[in-house]
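The structure appears right after this line, and notes come after that.
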Amino acid sequence: MPGWHLSLLTLGTVTMLVGGWRALRQRDIKLLLAYGTVSQLGFLTVVFAIGSRTAALAGLAMLLAHALFKAPLFLVVGIVDKQTGTRDLQKLSGVGRAMPAVAAAGVIAGASMAGLPPLLGFVGKESVFAALLELAHGETAGVPGWAGWLVVAGLVAGSALTVGYTVRFLWGAFASKPGVEPTVVRAPHPAFTVSPVLLAALCLGAGFAGAPLTTAFAPYADTLVPGSHEEYLALWHGLGLPLLFSVLAVAVGVGLFLVREPLCRFQARTALPVTAESVYRYGMRAVDRSAVEVTGSFQRGSVANYLAIILLVVLALPGYAAVRALLDGGSDIELVGYDRLAQPIIGLVIVAAAIATVRSRRRLRAVILAGVTGYGCGLLFLVQGAPDIALTQVLVETVTLVVFVLVLRRLPEYFTNRPLTRRRYWRVALAAVFGVAAAAFLMVAAAARTATPVSEAFPDASLDFAYGKNIVNTTLVDMRAWDTMGEIAVLVAAATGVASLIFLDTRMSGIRRVADIPYPKGVEKQPTRPGRRVWLPGPRTLAPERRSIIFEVVTRLVFHVIMVFAVYLLIAGHNLPGGGFAAGMVTGLALMIRYLAGGRYELDEAAPIDAGVLIGTGLFIAALAGLAPMVVGGVAQETADYYLHLPLLGEVHLVSSIFFDIGVYLVVVGLVLDLLRTFGARLDRQILRAEREDDSVARPTGGVH
């Protein structure tokens with residue numbers, strides 16, 4: 001992106017200078033290090049923003065050096081604070097003599113921060129100065145030479161400030177100060193000093209490891225543009241400008257420390273009334289207030305407004321990019337009308353159903369017509385040769401249609417009767433424009449491919465890696481199993497959130513078995529033989545006018561067939577259309593049939609289990625199936641296959657990823673069960689309660705009528 005070089009170089013340089021300048025006047029040694037950290041982060045930002053091989057090598061060295069010297073320095077501050085009770089450098093005196101090991105660790109780490117040899121900080125800073133010279137000589141694209149020299153001057157000045165506040169820190173924390181009483185120091189436990197001493201030793205040892213570090217960092221550094229010569233990490237690069245810059249920074253830094261008192265008074269006199277901290281706090285308050293105002297203006301509970309805002313943002317940003325792409329390369333896009341004659345016919349049906357949906361005044365009709373568009377998409381997938389996706393589309397559409405119908409019981413039969421307003425026409429126009437934009441997105445995205453699709457290797461990988469012939473299923477549970485794991489985890493999180501909003505305590509609180517429910521009034525109890533279980537007992541809890549004998553008979557005929565079909569899809573999905581998701585949806589449809597035939601009590605009779613238990617168990621099994629191969633020396637999500645010889649069935653080919661599919665299956669079944677109990681059983685109770693209240697109002701208990 002144009003300008004990013006100069007922006008990052010400028011911001012990083014200013015941050016280094018401001019942080020170092022502020023660190024020079026701090027009395028709290030921890031606050032001094034904190035401002036020093038800000039300065040060092042600006043320094044690292046500049047180095048990594050240069051974008052050359054030398055800068056990348058130097059940046060990694062400085063990043064490692066920063067970790068190795070800043071960690072012991074903060075640990076040293078903690079020990080000093082703990083053992084003396086203060087961090088004020090004007091009150092600390094003689095601490096170095098009382099804690100020599102801690103002081104030695106602090107001096108070594110501080111010397112590395114200041115860039116003194118033979119420490120890693122010096123090695124990294126020498127390479128940084130070499131990268132800055134490449135920048136100043138115009139070897140980095142996008143940065144003029146004058147800007148490069150300004151950055152060089154800024155970083156040399158920042159390095160001098162680093163030396164200045166480092167010496168101030170070491171003097172303030174450990175030196176004996178004239179006129180200051182020696183600080184009372186409690187001897188630290190030896191275990192306290194181990195960590196800073198070890199890290200400081202690494203700062204020293206890594207300074208002599210330039211060649212191994214160059215080899216270790218080369219794979220990353222070699223991905224960037226090389227400079228005029230092959231740079232490497234070392235303690236000695238010969239006499240040159242980088243060494244001169246280091247000497248200059250040390251000399252100026254020591255001078256800044258020597259004039260520390262006049263410098264602090266000068267900083268106090270020239271301090272601006274408006275500090276960066278106050279500007280930041282004012283900006284944060286303004287952002288918070290703006291967020292409240294914007295939220296109050298747009299978040300008004302209107303789903304239509306929310307959707308309109310989302311669509312407008314999509315049209316304004318990606319839509320603009322799509323228009324530009326079409327204008328620049330639209331002539332290169334090749335459009336094919338159709339591959340098979342059935343495709344335009346199905347497309348016309350989808351378009352007609354979509355138009356009829358938006359023109360329908362009845363909610364139920366609109367839902368059914370919207371379902372036609374979904375089933376039409378499934379047919380398009382099938383015609384295109386994707387039976388797995390077509391099966392999933394049809395199952396999802398069926399479940400969605402049933403859930404919509406259940407919800408419609410609590411909504412008015414018709415949409416609003418208000419006359420059409422201008423807002424309605426604006427919404428129609430927005431929907432039409434967004435439809436055109438979606439088509440443009442698809443055309444641009446399909447025509448923008450330049451690399452070979454990774455999916456071309458999927459057929460071979462499906463057989464060699466996943467031992468299956470169904471590429472869709474092997475992709476989901478083998479080749480990209482971690483993606484599927486993330487998706488079902490999000491599904492579990494969403495289901496848990498919805499359940500927490502709907503169920504007051506647990507999902508199990510509303511589950512009741514049919515045997516515990518008394519017969520409704522007007523229904524004669526049917527005698528049963530002892531020990532005999534009545535299948536489909538739920539309908540006996542319904543009033544006669546609510547029962548459908550035909551539907552009950554059909555349920556008895558098809559339920560077991562559907563469940564067997566679900567098991568078949570689960571097992572056969574690795575080589576044929578199916579899989580855990582499709583099997584879970586089919587099982588969910590079987591539960592829906594039981595619910596529609598016998599009501600909410602029949603649903604509890606069919607699945608007397610907490611839906612959350614199913615969802616959690618499914619996620620656990622999927623995770624366990626992914627990690628289990630590591631127990632036997634494999635890698636996560638690795639697949640193994642087995643051949644079993646079973647009587648009557650013959651040879652059966654099984655793969656270990658079936659356990660992952662079983663986890664997906666349980667998650668989907670639990671989700672559908674949650675939907676049925678939420679929009680089915682819960683709404684049933686609400687409707688029954690409302691009917692009882694209406695009956696009590698219609699039959700007053702007193703008075704003459």
Some residue of the range 481-497 being part of a loop (DSSP other than H, G, I, E, B) and open to solvent by 70 Å² or more (accessible area, probe 1.4 Å): no
All positions within the range 580-604 that are open to solvent by 30 Å² or more (accessible area, probe 1.4 Å) and not β-branched (Val, Ile, Thr): Phe581, Leu589, Leu596, Arg600, Tyr601
Filter result for Arg269 (in a helix (DSSP H, G or I), farther than 20 Å from Ala447 by Cβ and of a type in the set (D, E, K, R)): yes
When residues of the range 178-209 are limited to those that are aliphatic (A, V, I, L, M) and under 21 Å from Asp28 (Cα atoms), the one surrounded by the fewest Cβ atoms within 10 Å (Cβ to Cβ): Val184
Residue within the range 163-177 that is modelled with pLDDT of 85 or more, open to solvent by 10 Å² or more (accessible area, probe 1.4 Å) and part of a loop (DSSP other than H, G, I, E, B) present: yes
Residue in the range 380-396 that is aromatic (Phe, Trp, Tyr), part of a helix (DSSP H, G or I) and either closer than 23 Å to Asn470 by Cβ or open to solvent by 40 Å² or more (accessible area, probe 1.4 Å) (or both) present: yes
Pairs with Cβ under 8 Å, 6+ apart, first in the range 1-26 and modelled with pLDDT of 85 or more and assigned to a loop (DSSP other than H, G, I, E, B), second crowded, with 16+ Cβ neighbours inside 10 Å and of a type in the set (Gly, Ala, Ser): Leu24/Gly164
Residue that is farthest from Leu116 (Cα to Cα), among those in the range 208-227 that are part of a loop (DSSP other than H, G, I, E, B) and at pLDDT 85 or above: Ala209
Unique residue being assigned to a helix (DSSP H, G or I) and open to solvent by less than 60 Å² (accessible area, probe 1.4 Å) when the list is Pro629, Pro577: Pro629
Yes/no for Ser93 being over 18 Å from Ala55 (Cβ atoms) and surrounded by 15 or more Cβ atoms within 10 Å (Cβ to Cβ): yes
The range 236-262 residues that are farther than 30 Å from Gln90 by Cβ, paired with ones that are modelled with pLDDT under 85 (beta carbon under 7 Å, 6 or more apart): Leu241/Leu133
The range 354-379, subset within 30 Å of Val669 (Cβ to Cβ) and of a type in the set (Gly, Ala, Ser), residue most open to solvent (accessible area, probe 1.4 Å): Ala370
Test: residue in the range 628-650 that is under 30 Å from Ala607 (Cα atoms) and at pLDDT 80 or above: yes
Any hit, the range 692-699, residues being among the hydrophobic types (A, V, I, L, M, F, W, C) and either at pLDDT below 80 or open to solvent by less than 30 Å² (accessible area, probe 1.4 Å) (or both): yes
Ala466 vs. criteria in contact with an Asp or Glu (Cβ under 7 Å, 6 or more places away or on another chain) and either touching a residue at least 40 places away in the same chain (Cβ under 8 Å) or part of a helix (DSSP H, G or I) (or both): yes
Unique match (being open to solvent by less than 60 Å² (accessible area, probe 1.4 Å), part of a helix (DSSP H, G or I) and either hydroxyl-bearing (Ser, Thr, Tyr) or modelled with pLDDT of 80 or more (or both)) among Arg682, Arg677: Arg677
Residue within the range 510-524 that is in a helix (DSSP H, G or I), at pLDDT below 85 and of a type in the set (A, V, I, L, M, F, W, C) present: yes
Residue in the range 293-309 that is more than 26 Å from Gly579 (Cβ to Cβ), in contact (Cβ under 8 Å) with a residue 24 or more places away in the chain and either in a helix (DSSP H, G or I) or open to solvent by less than 100 Å² (accessible area, probe 1.4 Å) (or both) present: yes
Selected residue [open to solvent by less than 10 Å² (accessible area, probe 1.4 Å), out of contact with any Asp or Glu (no Cβ under 9 Å at 6 or more places or on another chain) and over 21 Å from Phe174 (Cβ atoms)] from Val18, Val38, Val46: Val46
Some residue of the range 134-146 being among the acidic types (Asp, Glu) and under 29 Å from Val80 (Cα atoms): no
Those residues of the range 186-238 which are over 38 Å from the mean Cα position of the chain (by Cα) and among the hydroxyl-bearing types (Ser, Thr, Tyr), in sequence order: Thr193, Ser228
Pair list, Cβ under 8 Å, 6 or more apart: the range 323-347 residue under 15 Å from Ala446 (Cβ atoms) and surrounded by 13 or more Cβ atoms within 10 Å (Cβ to Cβ), other residue at pLDDT 80 or above and among the aliphatic types (A, V, I, L, M): Ala325/Val444; Leu326/Ala440; Leu326/Met443; Leu326/Val444; Ile333/Met443; Ile333/Val444
Residues (open to solvent by 90 Å² or more (accessible area, probe 1.4 Å) and acidic (Asp, Glu)) located in the range 223-260: Glu230
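The values are calculated or read from the model by the stated rules, or taken from the named source; none is laboratory data. Quick caveat: nothing in here was measured; it's all calculated off a predicted structure. Positions of Cβ are generated from backbone atoms using ideal geometry, with glycine treated the same way; all protein chains shown enter the neighbour counts. With ligands, DNA and RNA removed, areas are computed over all heavy atoms of the protein, side chains included. Shrake-Rupley method; radii C 1.70, N 1.55, O 1.52, S 1.80 Å.
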